[in-house]
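The values are calculated or read from the model by the stated rules, or taken from the named source; none is laboratory data. What you see is a predicted model, and the numbers here were worked out from it, not measured in a lab. Neighbour counts run over all protein chains shown; Cβ positions are idealised from the backbone, glycine included. Please note that ligands, DNA and RNA were not included when accessible areas were found on the heavy atoms of the full protein model with its side chains. Shrake-Rupley method; radii C 1.70, N 1.55, O 1.52, S 1.80 Å.
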Amino acid sequence: QAQLVESGGGLVQPGGSLTLSCAATGRSFDDYSIAWFRQAPGKQREFVASVSRDVTDTYLIHAVRDRFAISRVNAKNIAYLQMNNLKSEDTALYYCAARRGPATVMTTLYDSWGQGTQVTVSS
C-alpha cells in the first residue's frame, strides 16, 4: 500500500488560495488513482476530487469545480489540490486517498489514507 502524507493546509481568508500536497512513499505511485476528501466537524467525510493513474481523467464535485484543480506528478510521487477563491464552507480536514483501480467517490473503496491537513477559511 502507498503511504500518504498531506501538507499545505492552514488558515486563509475568504477569497484566498491554498495548495495541498499529497506525497506518497513506496513503489508504483502510478498504479494508484488519487482522490481528495474532506471532513468538516460534525459531518461525514466528503469526496472532493480525483485524478486517474495516467492523469488523463480528473473529476471534481460541483461545489468546487470552478475553484479547485487536482493534479499529480507521477515522477515525483506527489499529487496536488489547488484551491482558489476559498469559502468558509470549505473549512475542513482534507485527506488524500489512494486505490488501485479507477477512481471512485466511495470512501470505503480506498486502500490508503493520509493523516489529513486542516484548512480553515475565516476572516
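For region 79-104, which positions are farther than 19 Å from Ala2 by Cβ and either surrounded by fewer than 17 Cβ atoms within 10 Å (Cβ to Cβ) or out of contact with any strand residue (DSSP E or B) (no Cβ under 7 Å at 6 or more places or on another chain) (or both)?
Restricting attention to region 79-104, the residues satisfying the condition of being farther than 19 Å from Ala2 by Cβ are 82-93.
Within region 79-104, Gln82, Asn84, Asn85, Lys87, Ser88, Glu89 meet the criteria.
Please verify whether region 12-27 includes one or more residues that are without any contact (Cβ under 8 Å) to a residue 12 or more places away in the chain and over 17 Å from Asp90 (Cβ atoms).
Within region 12-27, the first condition is being without any contact (Cβ under 8 Å) to a residue 12 or more places away in the chain, and the residues that meet it are 27.
Subset that is over 17 Å from Asp90 (Cβ atoms): 27.
Yes, some residue in region 12-27 is without any contact (Cβ under 8 Å) to a residue 12 or more places away in the chain and over 17 Å from Asp90 (Cβ atoms).
From Val12, Val55, Val64, Val48, grab the single residue that is surrounded by 15 or more Cβ atoms within 10 Å (Cβ to Cβ), modelled with pLDDT under 95 and hydrophobic (A, V, I, L, M, F, W, C). Explain how you work it out, then say what you get.
Values: Val12 fails: modelled with pLDDT under 95; Val64 fails: modelled with pLDDT under 95; Val48 fails: modelled with pLDDT under 95.
On inspection, the qualifying residue turns out to be Val55.
For region 67-78: of the residues being over 13 Å from the mean Cα position of the chain (by Cα) and closer than 18 Å to Cys22 by Cα, which is most open to solvent (accessible area, probe 1.4 Å)? Reasoning before the result, please.
Looking only at region 67-78, we keep the residues that are over 13 Å from the mean Cα position of the chain (by Cα), and these are 67, 73-77.
Imposing the further condition that a residue be closer than 18 Å to Cys22 by Cα reduces the set to 73-77.
Details: Val73: 55, Asn74: 44, Ala75: 102, Lys76: 152, Asn77: 38 Å².
Filtering first and then ranking leaves Lys76.
Go through region 105-123 residue by residue and tally those that are open to solvent by less than 40 Å² (accessible area, probe 1.4 Å) and assigned to a loop (DSSP other than H, G, I, E, B).
At the first step, the residues of region 105-123 found to be open to solvent by less than 40 Å² (accessible area, probe 1.4 Å) are 110, 112, 114, 116-117, 119, 121.
From what is left, the residues that are assigned to a loop (DSSP other than H, G, I, E, B) are 110, 114, 116.
Final tally of qualifying residues: 3.
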